[in-house]
1. Per residue, how large is the accessible surface of the range 48-103? Use a 1.4 angstrom probe and give square angstrom.
2. Quick check on the chain: of the DSSP beta bridges with both residues there, what percent are antiparallel, nearest 5%?
3. Could you pull the Cα extents of the range 374-442 along its three principal axes, largest to smallest, in whole Å?
4. Using C-alpha positions alone, give me the convex hull volume of the range 315-427 per residue in cubic angstrom.
5. What pairs from Lys231/Lys292; Lys494/Lys589; Lys187/Lys292; Lys164/Lys231; Lys207/Lys292 go past 31 Å between their alpha carbons?
6. Output the peptides 439-450, 401-412 sorted from most to least packed, where packing is the average of other Cβ atoms within 10 Å over each peptide's residues.
7. What residues from the range 262-295 fall in the zone where the backbone N is under 19 Å from a label point 7 Å along the Cα-to-C-beta line of His240?
8. Out of every Cα pair in the range 464-503, what percent are spaced more than 12 Å from each other?
Amino acid sequence: MRPGLCAAVVSPVCSLIASLPGSRGALRAVLRLIVLLFVVCAGGSVLVPAADSQPDRVLYLNSYHRGYPWSDGIEQGLRERLDASGKMIEFSVEYLDSRRFSFASQIGPLAESMTIKYAKYRPNLIVVSDNAAFEFAIKYRQRLFHGLPIVFCGFNDFRPGMLKGLRNITGVNEEVSILATVDMALKVHPDTRTLVFITSTGDASSKRNHDAVERTAIPKLHTQYKLVILKDASIEEVHHRLEKLPPETLVFIAGQTRDRGAGRALTPEENGRLISAASPYPTYSFWDIYLKTGVVGGHVLTGIDQGRAAADLVLRILDGTPADAIPVVMDTPSTNMFDYQVMRRFDISPSDLPPDSVIINRSFSVWHAYRWQILGVVGLLGVETVLVLVLIHMIRARRHALAALALERVLLESNVETRTAELKAANDRLALLSYSDGLTRLANRRCFDKVLSTEISRLHRTGAPLSLIMLDIDFFKNFNDTYGHVAGDECLRKLGALLEHLVNRPADLSARYGGEEFAVILPETDAQGALTLATRIHEGIAALAIVHAASLVADHVTASLGVVTIDTAKPMPLAEIIGLADEQLYKAKSNGRNQVAALDLSDPAHGTHHA
């Protein structure tokens, strides 16, 4: 307990004890003992937050962007260790996005933005990951982070001399071991004869990795293996070169292809998937970010390990150790990691791997996880199976009898259902035949009369107009005499198909009225609508262009059409309506055929139209 707080709490209590009457001395002694115990048990703990208690502010400068697996892993490792420390730490992150976009063009605006943002908010410590963030922090240290300790991690190929002239800085080295991964891969694939290294020089980090390959791998390996260096190659070039190599080949991803995404560089995952898909050979890498992209594995660096190591340094500094007094961690944490699904693709057994390997993406094995439980359950199931078999033997005869009875019942029901279905199908066929024309598949005269009678009754109830079109093929007898009845039937079928296409409202009905005569019932259709449809039918028949050399009005099949429209103001029987439509049909024929004549009885003027 802080001294001020102790006095503030204990003094009023002691005053209260002193004010008690003398006859209560025993009570005063007890209260003094309670106060003493309270102070001892508090043991320096703070009952209420002090006014000057503030969390430590840690600012993390991320060279890349959220969603980049490497730096996301670093952030995860940092947060894990800092949260587990129990310290009050206010953790902030700034993303420099240096891999996807040109860093040189945005470094100035980033510094200006942070100058404004952190003008009144001063962190206690800066953590930087990878080279871009380190270089940014050093360049703008006086302006943004003057006097603050800096902890770096993910710094490629760090050398102690790089901190010459810099104070209050420590961190974790990130140094890829090219040969360690190659040596491990060669032990897994001892028959290898060709090694392919995919490198790039498009950014500073990739250039350092390319230089590491040339500096460490090539001098040692070129005498024993055929080496292929694909530097700054496109994925098409990679695919073209790889398909010409022998089967005993290994591929190592140490850089990017030169392909780009939509206005940005490819992410490592995109790059890894492209290369793995183009490679028919086992592909290895040096960072865990390429795992789950089709890469077998490698002696990899992980972002989480870097973040945890950096967090350990952060906590030491926050506890009071100067950064300069903490040596840079030069031994880069790395792990042998493999993707089980890719191992299966290349027939790699877990026994082929180094003993300390970590295998990810492994299918869950219930047998290995619960072997003894499974054996116990199988034993119990065995005992139960014996009992069940005995029971089955006892009731088998009864089941056979019940099954035979059930079979007879099923057969009887099946026969009844079959007969019922056949009878219904026959009735449906009869109904269809009784209401349809066998040649054109349109409604027949019987169906026509029934529907027209129904629509006349509905007309009297609803008051909506009803129209009727009668149609007759011009000089059809001459057509039959010239081309024969087979051709005549084909002509009628084509005309029926045309009517079925044009008369398409659900309530409308097209029918073969008899011989070469057709009719169309149009409920709730006024005179203009009926005349429009009749005109379309007339034009559609002409468009069929059925040759009719014996016609006296055209060189192709034509038709005359009569249209009548009525409403409730003029109720009339079915025969009269058909007669009126026939009159208009006769009028169309009398006027020279190949035309439409219409009568509108819903119009007080009894308008007559010709088309």
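The values are calculated or read from the model by the stated rules, or taken from the named source; none is laboratory data. Just so we're clear, the structure is a prediction, and the values are computed from it rather than from any experiment. Quick reminder, even Gly has a Cβ in these numbers, built from the backbone with ideal geometry, and neighbours come from all protein chains shown. Surface areas here come from the heavy atoms of the whole protein model, side chains and all, with no ligands, DNA or RNA. Shrake-Rupley method; radii C 1.70, N 1.55, O 1.52, S 1.80 Å.
1. Details: 2670 Å² over 56 residues.
Value for the range 48-103: 48 Å² per residue.
2. Values: 31 of 78 bridges.
Around 40 percent antiparallel, to the nearest 5.
3. Each principal axis gives a Cα extent; for the range 374-442 these are 75, 32, 11 Å.
4. Numbers: hull volume 45.8 nm³, N = 113.
Measuring per residue, one finds 406 Å³ for the Cα hull of the range 315-427.
5. Numbers: Lys231/Lys292 24 Å; Lys494/Lys589 22 Å; Lys187/Lys292 22 Å; Lys164/Lys231 33 Å; Lys207/Lys292 25 Å.
Result: Lys164/Lys231 exceed 31 Å.
6. On the way: 439-450: 17.9, 401-412: 10.1.
Highest mean packing first, the order is 439-450, 401-412.
7. Only 274-280 pass the distance filter.
8. Working: 524 of 780 pairs.
When every Cα pair of the range 464-503 is considered, 67 percent fall beyond 12 Å.
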